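Notes to accompany the following structure.
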Amino acid sequence: MSASNAASHDRDVVEATLTTLVMANRILAREGIIDNFGHVSVRHPLNPERYFLSRSRSPEIVSRDDILEFTLEGELVGDDPRKPYAERHIHGAIFKDRPDVNAVTHHHARSILPFTMSDVSLRPMFHMASVIGATIPVWDSQHEFGDTNMLVDSMPMGHSLARTLGSNRAVLMRGHGATCAASDLKAVVMISIGLRDNAELVQSTRQMGEVTYLTDGEIEKTSAMLLSPMPVARAWDYWVARAGYGGL
């Protein structure tokens, strides 16, 4: 491949990633996961030491022009004067601490909030939610940082959150929300939606009686199936259509 063809290919790879990132913002807003606050990021496909994230803007209206590039320390690449998200350190710290993660969401879906403030388990109770994993830890900023404005607005806080996340796919944040991590944008969208859906079902089931959760084996086997290419692609097409981009 010639140098010019290689450069063109690299541009195409990056642009495809950014298009998917914009779609992920719109989908998560349409599905009620991310409201006027919250955000989604993706690791740079050609430089693992960088990631892409929108400027500080409501996800429902994020466009290609809003996407900024950052180092893993949360430093803006370039001189764009627009304000970035204060909580970009969630993304940089997880990308830095988890080389296997290439996409991160942070959201405040209301159904998950009671689980951040109680001992009720958010473990999967139905097969489509198996993608969230068997263990969903809870991070409490009080333990290391005391009273704060509840934002993860520094790298030390980001790394603390990443440590609680560990090797899991989701972490709850006391009185705040949740953060989800995955190998790619489409998978992290599926996990984020599964987390919200499972929370709603656990709450409604508890009104009828005790919850019967999936076993470790069921979670492992079902999540592996659902996060394989065909189911993810099928779900993504559905969410794209619901976001108003059917046929793309």
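The values are calculated or read from the model by the stated rules, or taken from the named source; none is laboratory data. Model, not experiment: these values are computed from the prediction. Virtual Cβ from ideal backbone geometry, glycine too; neighbours counted across all protein chains shown. Calculation scope for accessible area: heavy atoms of the full protein, side chains included, ligands and nucleic acids excluded. Shrake-Rupley method; radii C 1.70, N 1.55, O 1.52, S 1.80 Å.
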Listed residues 56, 118, 130, most fluctuating in the chain (Gaussian network, C-alpha, under 10 Å): 118
Please identify which residues in the range 171-199 have an amide N closer than 17 Å to a label point set 7 Å out from the Cα of residue 19, following the Cα→Cβ vector. 185-186
Count charges around residue 115 for me, please; just the other residues with Cβ under 12 Å from its Cβ, Lys/Arg as +1, Asp/Glu as -1. +3
Of the labelled options [x] 0.97; [y] 1.07; [z] 1.00, which one gives Rg/Rh (Cα atoms, Kirkwood Rh) as computed for this structure? [x]
Stretch residue 80-residue 63 to full length: gain in nm at 0.36 nm per residue minus the Cα-Cα span? 4.6 nm
Once Lys and Arg are counted +1 and Asp and Glu -1 for all other residues with Cβ under 14 Å from that of residue 188, the total becomes +2
Accessible area (Å², per residue) of the range 164-248, counting only protein heavy atoms and a probe of 1.4 Å: 50
May I ask for the distance between the Cα centers of the range 15-66 and the range 115-161, given as a whole number of Å? 21
PRE reach from residue 46 (point 7 Å along Cα→Cβ): which of the range 76-101 fall under 17 Å by backbone N? 77-78
Please give the length that would be gained between residue 11 and residue 233 if that part of the chain were fully extended, namely 0.36 nm times their separation in residues minus their C-alpha to C-alpha distance (nm, one decimal). 77.6 nm
Can you tell me the order of 141-148, 196-203 when each peptide is scored by its average per-residue count of other Cβ atoms within 10 angstrom, highest first? 196-203, 141-148
Show me 119-129, 161-171 ranked by packing, highest mean number of other Cβ atoms within 10 Å first. 161-171, 119-129
Cβ-Cβ cut-off under 13 Å around residue 32, Lys and Arg +1, Asp and Glu -1: the net charge is 0
In debye, nearest 20: dipole of the chain around its Cα centre with unit charges on the Cβ of K, R (+) and D, E (-)? 420
Among the aspartates and glutamates, which have Cα under 14 Å from the Cα of residue 96 when same-chain residues fewer than 8 positions away are ignored? 49, 73, 75
Express the carbon and sulfur contribution to the solvent-accessible surface of the range 116-231 as a percent, rounded to the nearest whole number, probe 1.4 angstrom. 53
Gap separating the Cα centres of the range 68-89 and the range 185-226, nearest whole Å: 33
Would you mind putting 27-35, 181-189 in packing order, based on average other-beta-carbon counts within 10 Å, highest first? 181-189, 27-35
Assuming 0.36 nm per residue, please report the length gained on full extension of the stretch residue 242 to residue 126 beyond their Cα-Cα distance. 39.5 nm
